[in-house]
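Undergrad: Supplied in structure tokens, the structure appears directly below.
Only the coordinates and a few stated rules stand behind these numbers; no lab work does. This one's a predicted model, so the numbers in the text were calculated from it and none came from an experiment.
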Amino acid sequence: MIDMQGVYKTYPNGVTALNGIDVKIDQGEFVYVVGPSGAGKSTFIKMIFREVKPSKGIVRVNNMSLHNLKWKRVPYLRRNIGVVYQDFKLLPKLTVFENVAFALEVIEETPKVVRKRVMEVLDLVGLKNKARFIPDELSGGEQQRVAIARAIVNHPKLVIADEPTGNLDPETSWEIMKILEEINATGTTILMATHSKEIVNTIKKRVIAIEDGMVVRDEHRGEYGYEI
Ligand SMILES: Nc1ncnc2c1ncn2[C@@H]1O[C@H](COP(=O)(O)OP(=O)(O)OP(=O)(O)O)[C@@H](O)[C@H]1O
Ligand SMILES: [Mg+2]
């Protein structure tokens, strides 16, 4: 699913965020990315959906080579990737239904088919009854669930989440984790950057630890491994 070999990223300001990354992730895995602030986690994650370009090295995602991928091919790559952000990034003027429908890539689909697919994912995240609400009328946890619904509406093979519980209270975070686990159980690969020791040490998964742009630890059913 994801294959990185000798990947480096130096930003235009001269900061080297990734310093020789070698990582392979298979279809269906659930992987946490942990490490101190500024370690390179977000850069690592952004590289996978071509939000940032590697300075050097090989990046393959879903059998596409990203180092020489043309810009016009980027939407094709992203079609199979759902992205969830810490700050949700919902469109404030659209309803819950519209936010999810907006992301649905359907060519000449009938409104009935669109409605069915959107309501299916809203049901999965437990928000069917709030389809007509706007984001401001929802709690943080509910907004994040809309963001997850939006990320999965196209049935992507991979969902990547950069600190999806970073702005949520512990109880709401567990609800979000439950949904991510359910999505993973259907065969979707999940890659999630997190600072939550509790989550990583409770819901045991593969843990990739990044420090100073390098993978310093990669363990099956690993631990968070840092204080705080
Ligand atoms: N667009 C950018 N331009 C220049 N430098 C950047 C850019 N984005 C990140 N960096 C730098 O790259 C390094 C890694 O940043 P990154 O955001 O990947 O870290 P992180 O592990 O996600 O940190 P956090 O846990 O705080 O989210 C940092 O030194 C950061 O300042
Ligand atoms: Mg980050």
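Undergrad: Determine one quarter of the surface area of the Cα convex hull of the chain, which equals its mean projected area, and express it in nm² to one decimal.
TA: The number I arrive at for the chain is 12.6 nm².
Undergrad: Identify all lysines with a Cα-Cα distance to residue 89 below 17 Å; exclude those on the same chain that are fewer than 8 residues away in sequence.
TA: Partners found: 46.
Undergrad: Okay, moving on. Count the lysine pairs in region 99-205 whose Cα atoms sit under 19 Å apart, keeping only pairs 8 or more residues apart in sequence or on different chains.
TA: Count of close lysine pairs: 11.
Undergrad: What is the distance in Å between the Cα centroid of region 26-49 and that of region 89-156?
TA: That distance is 25 Å.
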